[in-house]
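Have a look at the structure below before the remarks.
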Amino acid sequence: MGIRYNSHHVLRIAGNQTEVQTWIAQVLAASSLTIRQSASLVGLLNFCCTALTYGRTHIKSLERERIRALSLHRGDFDAKFRLDSSVHSHLLWWNDKVAGATAPIRKLVFSLEFSSDASPSGWGSYCQGRSTRGFWARKKRTILMSSNFGRHVSRL
């Protein structure tokens, strides 16, 4: 599978889109899946987002479930978990859209720059000369530091 672009500056998924649809069908049919399987699916769908407008919006719920399960199972990627029903509706959206997926090539013209960062002690952001920052509440910091996720906080 790959990404193709044409002279009209449109991106398309090249190759077999049914591979994505097969993955989705297997996930929807399964009673549970491993965190590793969900991470692989997120990776595949993220790749497809290059040629599918609004695709990332429909990955967020799966990504949240994966992160929550990873935290609950203390970083064990082989642990199994059940998907929330909201994730099912997003996967059905993917199943419908991936076959004819196209997206225009974006022009890198930015009108607003926004930066954010987070660390185990706090967070901060900057936009148009204004900044804000804060420290994590003690309870939130304890949760972050007790998980693998907290050791790798790199963006807000």
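Bear in mind these aren't lab numbers, they're just calculated from the coordinates by the rules spelled out. Predicted, not measured: the structure shown is a model, and the values here were computed from it. Quick reminder, even Gly has a Cβ in these numbers, built from the backbone with ideal geometry, and neighbours come from all protein chains shown.
Run down the aspartates and glutamates and flag those whose C-alpha is under 19 Å from the C-alpha of residue 60, throwing out any fewer than 8 positions away in its chain.
Answer for residue 60, where 19 Å is the Cα cut-off: 84, 96, listed by chain and number.
Could you work out how far the C-alpha centroid of the range 45-64 sits from that of the range 73-87, in angstrom?
For the range 45-64 versus the range 73-87, the Cα centre distance is 18 Å.
Counting Lys +1, Arg +1, Asp -1, Glu -1, what net charge surrounds residue 84 among other residues with beta carbon under 13 Å of its beta carbon?
Residues near residue 84 contribute +3 overall.
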